[in-house]
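Worksheet: one structure, shown below.
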Amino acid sequence: MAVLKGNKGIRRAREIYQDRCRIGKELKTDGKTIVGYVCFYAPVEVMSALDMIPFKISGSMKERAAEADRFLPRTFCPFIRSVLALSLSGKYDFLDGVVMVHTCDAMERTSRVWESVADFPYVHYMDVPTKPDKTHQEALREEINDFRKTLESFAGKDLQPQKLRKAIGRHNQQRNLVRKLYGLTRSAPPLIYGKEIMEVIGAVSSLPVKEGNELLRQVIAEVQERKDGPEKGFARVLVWGSVLEDPVLIEIIENAGANVVIDDTCTGTRGYFADINLDKDPLDALAYHCLVDLKCPRTFREAHGSTGRKHYLADLEARFGYLKEFAQMWKVDGAILQSVKYCDCHGFEVPQVKDYFNTLEIPSLYLEHDYTEQGLKALKTRVEAFLEMFGR
């Protein structure tokens, strides 16, 4: 598939990002088998190893999720409602299958609905434990192994261990390239806009891993040579929270004169900032990666050796210590925390995240939104008022 010919990296990434489903249809026309997934907890390496294309399923912040009203209440995660609505409307008809994982209760319920009404040749649901200890890793390994078996049956061939290791290696290359991409924002001024990073990652998650890696290399090379990058802002901002698939919030921050230099979101760093250990048994390594490496609020972490009375600050460090590394390496001045409504995973986490940023003496602002462009635009004044404390 010649998805990368003819345009420079950033422009091509934007084109793919703005019409991801067209890319999926082109891949389908080329005879590829495409398996969709909603959350990065789905083992994309297994799909790649069986010569399938993992395709990140997105919602839409531009369209009302009316199709989901038949199955889900209004007081429900708007992102997941949107994903279901788009699927029911035929947006993802090019998919050969979907992999759904229990990353939250809303996703679990929607998975059951989707399984009942979706017309895909292959549908698989995978449970994911909520604690990182060895027992839960072993349980997740069995879930991943079951997924492997069902996908082998669908593909009509066995998954060879060497192919799985090779696929893990390629996805590790992609993680390394994404880290290099974020590394371009460590300078002052950063070399790339936060909005552009969002577009690049959105594009990469729609492509076969090999083509995605090539796109990342093109973008990195282009950014290192460009003369029209961001100006130095009066504040360096970290964005934390749930899924962001539209650049509205990032644009509000950057248009106000600040630089978005790093994020910790479902659609940003979380799936890319730790490699999978190639020295381990592949299934063991995948399970460890999901429960230990991926820093999502849906997995409960506490300080080692916590017994009896809890030590609150130690638990904060156990859960959010990586945010201190982000803040130090990217010289963060302030943090903007955001979450879609009815997201228990992130909503319940907010007081602790704010407390942790307070220990770092980093001011933070929390925003809740309804997963619409208009909902985010309505928060513009609050964002600008928060940024004013840093001066210009």
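Here are the numbers for the structure shown:
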quantity	calculated
Residue list for the stretch 16-47, filter: more than 18 Å from the chain's Cα centre (by Cα) and polar (S, T, N, Q)	T29, T33
Looking only at the stretch 108-146, and only at residues there that are part of a helix (DSSP H, G or I) and touching a strand residue (DSSP E or B) at 6+ places or on another chain (Cβ under 6 Å), the one that is surrounded by the most Cβ atoms within 10 Å (Cβ to Cβ)	S111
Unmet requirement for D228, which otherwise passes all of (1) free of Cβ contacts under 8 Å to residues at least 24 places away in the same chain; (2) assigned to a helix (DSSP H, G or I)	(2)
Count - residues of the stretch 367-392 that are aromatic (F, W, Y), farther than 27 Å from E63 by Cβ and not in a helix (DSSP H, G or I)	1
Any pair with Cβ under 7 angstrom, 6 or more apart, that starts in the stretch 106-129 at a residue that is under 25 Å from V340 (Cα atoms) and assigned by TED's automatic domain parsing to the domain that holds A68 and ends at one that is surrounded by fewer than 19 Cβ atoms within 10 Å (Cβ to Cβ) and charged (D, E, K, R)	Y125/E115
Unmet requirement for L294, which otherwise passes all of (1) in contact with a helix residue (DSSP H, G or I) (Cβ under 7 Å, 6 or more places away or on another chain); (2) crowded, with 17+ Cβ neighbours inside 10 Å; (3) free of Cβ contacts under 8 Å to residues at least 60 places away in the same chain	(3)
Residue ID - farthest from P78 (Cα to Cα), chosen from residues in the stretch 186-242 that are of a type in the set (S, T, Y) and surrounded by 18 or more Cβ atoms within 10 Å (Cβ to Cβ)	Y193
Tally, over the stretch 335-365, of residues that are within 24 Å of H102 (Cα to Cα), in contact (Cβ under 8 Å) with a residue 24 or more places away in the chain and either small (G, A, S) or not in a helix (DSSP H, G or I) (or both)	9
Wholly enclosed helices (runs of 4 or more DSSP H) of the stretch 5-81 bearing at least 3 residues buried (at least 23 other Cβ atoms within 10 Å of the Cβ)	44-49
Residues within the stretch 309-334 that are in contact with a Lys or Arg (Cβ under 7 Å, 6 or more places away or on another chain), in a helix (DSSP H, G or I) and surrounded by 16 or more Cβ atoms within 10 Å (Cβ to Cβ), tallied	1
Any hit, the stretch 243-259, residues being more than 20 Å from I197 (Cα to Cα), buried (at least 18 other Cβ atoms within 10 Å of the Cβ) and either aliphatic (A, V, I, L, M) or touching a residue at least 60 places away in the same chain (Cβ under 8 Å) (or both)	no
D96 being in contact with a Ser or Thr (Cβ under 8 Å, 6 or more places away or on another chain) and surrounded by fewer than 20 Cβ atoms within 10 Å (Cβ to Cβ)	yes
Only one of V260, V243 that is under 21 Å from Q18 (Cα atoms), under 19 Å from the mean Cα position of the chain (by Cα) and modelled with pLDDT under 95	V243
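The values are calculated or read from the model by the stated rules, or taken from the named source; none is laboratory data. A quick note: this is a predicted structure, and the numbers were derived from the prediction, not measured. As a convention, Cβ positions derive from the backbone with ideal geometry for all residues, glycine included, and neighbour counts pool all protein chains shown.
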